1. Taking only region 494-517 into account, find how many residues are in a loop (DSSP other than H, G, I, E, B) and closer than 21 Å to M628 by Cα.
2. If you go through region 652-684 one residue at a time, how many are in contact with a strand residue (DSSP E or B) (Cβ under 7 Å, 6 or more places away or on another chain) and either at pLDDT 85 or above or of a type in the set (F, W, Y) (or both)?
3. So how many residues does region 889-938 have that are among the small types (G, A, S) and farther than 23 Å from V807 by Cα?
4. Filter region 328-349 for residues that are touching a helix residue (DSSP H, G or I) at 6+ places or on another chain (Cβ under 6 Å) and either surrounded by 16 or more Cβ atoms within 10 Å (Cβ to Cβ) or within 24 Å of R303 (Cβ to Cβ) (or both) and give the result.
5. Sort out which residues of region 276-294 are surrounded by 13 or more Cβ atoms within 10 Å (Cβ to Cβ) and either under 17 Å from T334 (Cβ atoms) or touching a residue at least 60 places away in the same chain (Cβ under 8 Å) (or both), and write them in order of number.
6. For residues that are more than 30 Å from I943 (Cβ to Cβ) and polar (S, T, N, Q), scanning just region 788-826, find the one that is surrounded by the fewest Cβ atoms within 10 Å (Cβ to Cβ).
7. Under the condition of being of a type in the set (A, V, I, L, M) and farther than 24 Å from Y955 by Cβ, which residue from region 759-786 is surrounded by the fewest Cβ atoms within 10 Å (Cβ to Cβ)?
8. Looking at L478, L551, which one is over 18 Å from the mean Cα position of the chain (by Cα), more than 25 Å from A609 (Cβ to Cβ) and not assigned by TED's automatic domain parsing to the domain that holds T438?
Amino acid sequence: MRNFLILLMLMPYVSFSQIRVSNKSENQNKYFTIVNETASATILYDTLDNVLVKRSAEFLASDIEKVSGKRPNIAYSDNSLKGNIIIVATIGNNRLVDKLIAEKKLNVDAIRGQWERYIVQTIKNPFPGVKQALVIVGSDRRGAAYGVFTLSEKMGVSPWYWWADVPVKKNDKIYLQKGRYVSDSPSIKYRGIFINDEAPALTNWAKEKFGGFNHVFYEKVFELLLRNKANYLWPAMWLPNAFSADDPENPRLADEYGIVISTSHHEPMMRAHHEWTRFNGGAWNYETNKEKLQEFWRGGIKRMGNYESVVTVGMRGDGDEGMSEETAVDLMKTIIADQRHIIADVTGKPAKETPQVWAIYKEVQDYYDKGMRVDDDIITLFSDDNWGNIRFLPKKEDQNANRKYGMYYHFDYVGAPVSYRWQNVTQIERVWEQMNLTYEWGVRDLWLVNVGDIKPMEFPISFFLDYAWDTDMKASDLPNYYVSWAEQQFGEDYAREIAEIMSLYNKYNARRIPEMLSPNTYSHENYREADRIIEEFDQLLNKSKTISDKLPKSHKSTYYQLVHFPIEMSANLNEMYVAAGKNKLYGEQGRASANVYAEKVKELFFKDAELTRQFHEDLEDGKWNHMMSQTHIGYTSWNHPRANMMPAISYIQADSSALLGFMVEHGLNPAWGGFSVEGHGLFSPGFSEYDPINKQSYYVELFNRGGGILNYSIEAKNDWIQLSKKEGNIRYDEKVYVNIDWNKAPKGKATGAIVIKGAGKEYTVNVPIRNNLPKAAGFIENNGVVSIEAANFTNRFNSKNISWIVVPNLGRTNSSITVAPANAERQKPGNNAPRVEYEFTVFEGGDLKVETYLSPIQNYKKNEGLKYAVAIDDEEPQIININEGEIKPDYEYAEWWTKSVADHIKKKTSVHRNVKPGKHILKVWMVDPGVVFQKFVIDAGGIRPSYLGPPESVYLKP
C-alpha cells in the first residue's frame with residue numbers, strides 16, 4: 001500500500017482534477033484528518049434520522065476502509081465525542097447538528113427546505129473534547145447521501161467500483177482540506193434509468209448471481225444510482241418480472257435507499273404489466289372491464305403505501321401496444337380522472353400531493369397532438385423516437401412555472417427498424433445536444449433513460465446522470481468529460497489517451513449500429529471506404545492494446561470491460577462484414593481470393609463467439625457470465641435472431657492456371673478481367689483525372705482469377721507517371737499505386753497510359769491529367785466533388801443573442817455545428833441572421849447540387865418543419881425544410897424515418913443553377929434552432945455511392 005496522502009479539496013463533485021495526492025506531512029492547520037497512521041475519525045449519525053442517513057454512514061465507513069485499510073467506528077450517541085468526528089445528518093433530525101446550528105457554528109439557511117442539497121463543512125472545536133468535526137448535512141435524506149458519496153468519489157471510490165470492478169485508489173492517509181462547500185440543487189428533479197429489454201443477458205446473469213431480480217440484485221442497483229446521484233428507477237419488467245410482487249423487499253429497500261420507484265409508460269398505477277395475468281383480470285379494456293381494472297389499480301396504490309413514488313397514469317394497450325385504433329381523447333381523460341380519484345381515496349390526501357407522470361410515448365403522442373393536457377401537477381413525459389432523437393417538446397405557450405415536463409430517452413431499444421441492445425452505440429455528444437435542447441425548452445422535472453442491461457452502458461449512463469445533475473456543461477466541455485471519467489476509472493497516467501480512444505470508439509459504433517451492419521454497408525469500390533473503416537478500427541484496437549499493456553494489473557479487468565472488449569468485438573464484427581462484402585464482390589469479379597475471404601468470414605464469426613466466451617468465463621472468474629449473450633449477427637427483421645447467424649458466403653471454382661484481372665480505382669470502368677463488367681465487350685479502362693492541387697494517388701489492383709502464381713509487370717508509357725511497383729508475382733491480389741510527377745508533367749490537359757501484362761495478356765489503362773487549373777482557394781473540387789466538414793467553416797457570423805457553436809466529435813466523420821441557445825426564436829435569412837460560410841472552388845461551370853448532412857432530428861416543434869437556408873454567393877437563399885414529407889401516422893415504419901435512424905444522418909439537397917468556374921462561397925443560415933449540421937457535399941457531377949460520403953476535400957487558404 002502506498003504511503004501517500006489524499007488531500008481532498010472541497011469543490012463540486014465533477015471537479016475530479018481538484019483531488020490532489022501528496023506524500024507531504026499533515027498540516028493540522030489546513031487539513032482535517034480522516035485517517036492517519038494511528039487513528040481514523042469516528043462517524044456519527046442520529047437514530048432520529050432517516051434510515052438512508054445510517055446507510056450512508058455505513059457506506060462512508062466501508063469506503064474509507066476500501067481506501068486506507070482502516071474502518072472507522074460508527075456511533076450514534078454523544079458518548080463518542082472525542083478525537084476527530086464526521087457527522088452525517090439531515091437538518092432537524094440530528095441533535096448534534098441542531099446544537100451546532102443553535103450555537104451559530106453551522107449555518108444551513110442556504111439549503112434548508114431545498115431539494116437534495118448538502119453542505120460539507122469542517123468546524124474547529126465544535127464540542128468539548130473534540131478538536132475538529134466534519135459535518136455532511138443534507139437538506140433531505142438524499143442530500144446527505146450525495147454529500148457522503150461526493151466525499152467517497154474524491155477519496156478514490158468510483159461509482160462503478162462493483163459494476164465495472166474499478167479498483168479503489170489505495171492510500172494510508174486521507175486528509176480533507178478545511179473549508180465549507182454548499183452544493184446546488186440538481187438541475188433535474190427526478191433523474192434515473194429504466195432497466196429494460198433485459199433478457200437474455202441481464203436476466204440470466206441475475207438468476208445465476210442473485211437468484212433473480214430480487215432485493216439482493218436491486219440493492220446493487222440502488223447503490224449504483226445513489227453513487228451516480230440519481231434518484232429514480234423504472235425497474236425491469238420484461239418476461240414475468242414484477243418488481244413489487246416478486247419480492248416485497250424490493251420496494252421497501254428502494255425506499256430505504258431513497259430511490260423513487262415508478263413504472264413504465266404502459267404500466268399504470270404502480271402495477272407491473274405481468275401482474276395483470278396473475279390477477280386474472282380479463283380484458284385490458286377500460287370500456288368493457290372498468291371495475292376490474294380499477295380494482296387492480298387500487299391494489300397497486302395500496303401496496304405503494306408511504307413509499308416515495310411517482311405514479312404512472314393513463315393507459316396504453318395490453319403489452320406495450322396502442323390502446324385503440326382511434327385516438328380516444330375523452331376516454332383517456334376519463335381514465336386519468338378515475339385514477340386520480342383512486343389515488344386520493346387510497347392515500348387520504350389530494351391527488352396532487354402524490355407525484356404522477358403521464359408518458360407521451362408512441363401513439364399517446366396523438367392525444368397530446370389533439371390538444372389533450374393533464375393537470376399541472378402531473379409530469380408530462382415526452383420521449384425520443386427510441387433512437388436518440390427528441391420527438392416533441394412543449395411549445396413556449398405551454399411552458400409555465402406550474403406545469404411539469406419530463407423526457408424519456410433511449411440507449412437501448414427493441415423495435416423497428418432493427419433492435420439495438422448489444423453494445424453502446426450512443427455518442428455522449430448527441431446526448432448532450434438533444435438533452436440540452438430538452439432542458440432549454442423547459443423539460444426539467446424528470447429525465448429517464450432506457451439503459452437495457454446496465455452493462456455495457458456504463459459510460460453513457462454516467463454522462464446522462466451527471467448532466468442531469470448539473471446542466472451547466474457546454475459543448476466545449478465534452479472532451480474534458482471523457483478525460484475526467486477515464487481518470488476516475490483508470491487513474492491519471494493514461495487518462496487522455498483513453499479518453500481519445502473512447503471518443504473514437506463511440507463515434508465509430510454510432511455510425512451504424514452493429515445489428516444493422518451488412519456486407520455492403522460500406523463501399524468497397526469508392527473512396528476506399530470499407531478498407532478505411534477497418535483501418536480505423538485496427539488503429540484504435542492497437543492503441544487500446546498498447547494502453548492495456550501499460551496499465552497495472554489492478555486496472556486491466558476494468559479497462560477490458562469498459563474500453564478494450566467493446567472495441568475488440570466491434571472491430572472484429574466490422575471486419576467480418578467487410579470480408580463478406582469482399583467475398584461477394586470478388587466472386588463476381590472472378591478473383592481467386594473470393595475463397596480466402598469466405599474462410600476469413602468464418603474465422604471472424606467464430607472469433608466473435610470465442611471473445612464472448614472469454615468475457616463470460618475468464619473475466620473476473622465468471623462474475624459477468626451471460627452479460628454479453630445478446631445475439632447481434634444475422635438480423636432479418638426488427639427482432640433479434642434466435643442465434644447469431646454468419647453472413648452468407650460463396651466459393652468460386654477458379655481456373656487451374658493463373659489468369660490476369662485488375663481493378664482501376666476511381667475509374668469509369670472499375671474492374672477488368674478479360675471481359676467488360678458492363679457487357680459491352682472490350683474497352684480501354686482509365687483513371688479519373690489527376691490534378692496538381694489534389695495530387696491524387698490512385699491504385700490499380702492486380703488480381704489472379706485462377707490457380708498458381710500470377711507473374712505481372714506494369715510499365716508507365718510516360719516519364720511523368722510514377723508507379724509504386726513495376727513487377728511482381730501474386731497468388732491472390734496486390735495494389736500498385738499510380739502517381740504523377742508534376743515537375744515533369746505537361747501543361748494543360750494530357751492523357752498518359754500504363755500497360756499491364758500478365759498470363760499472356762496485355763492491357764492499357766489511361767492516365768488523364770489536368771495541369772492548367774485556375775486560381776483556387778478554399779475547399780477544392782476533386783473530380784466533380786467538393787466535400788466539407790461543417791465544423792471547418794471559413795467564417796461564422798453570430799447575431800446579438802444567437803451564436804454558432806461546435807459540438808466536438810459529434811457525428812459520423814468529424815464534429816458538428818448548431819446554434820445556441822437551443823430555444824432561440826426562428827430567424828429570417830439575411831445579412832443580420834446567424835450564418836456560416838465555406839469558401840470553395842470548382843473547375844467547371846454548371847448546376848451544382850449541395851447535399852447537406854444533418855443529424856436526424858425530429859420536428860420537435862410539431863409545426864410545418866424545422867428549417868435552414870442555403871445559398872452560393874449572392875443568390876437568393878433557399879429555405880430548406882428538413883422535415884418536409886415526414887408525415888404521420890406510423891412514423892416508425894416510414895421509409896424516411898427508417899433510413900435516417902439507420903444511417904444516423906439525414907440528407908437534404910438544394911440545386912444551384914449556372915454556377916461559374918472558380919471561387920465561390922457556400923452560405924448557410926440558421927432558421928430554426930436545434931438543427932445540427934455535420935457535412936456538406938457539393939456535387940458537380942462526380943459524386944459516387946458510399947455510406948459516409950466522400951472524404952473532406954483539400955483546403956487552400958484564401
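1. To start, the set of residues in region 494-517 that are in a loop (DSSP other than H, G, I, E, B) comprises 494, 512-513, 517.
Then drop every residue that is not closer than 21 Å to M628 by Cα, which leaves 512-513, 517.
Of the residues in region 494-517, 3 are in a loop (DSSP other than H, G, I, E, B) and closer than 21 Å to M628 by Cα.
2. 15
3. 3
4. Passing the criteria: M332, R340, I342, I343, A344, V346.
5. W284, N285, Y286, N289, K290, K292, L293, Q294 - these are the residues of region 276-294 that are surrounded by 13 or more Cβ atoms within 10 Å (Cβ to Cβ) and either under 17 Å from T334 (Cβ atoms) or touching a residue at least 60 places away in the same chain (Cβ under 8 Å) (or both).
6. That would be N801.
7. The extreme case among them is A759.
8. L551
The values are calculated or read from the model by the stated rules, or taken from the named source; none is laboratory data. Computed from a predicted structure; not experimentally measured. In this analysis, Cβ positions are derived from the backbone assuming ideal geometry, glycine residues included, and neighbour counts consider all displayed protein chains.
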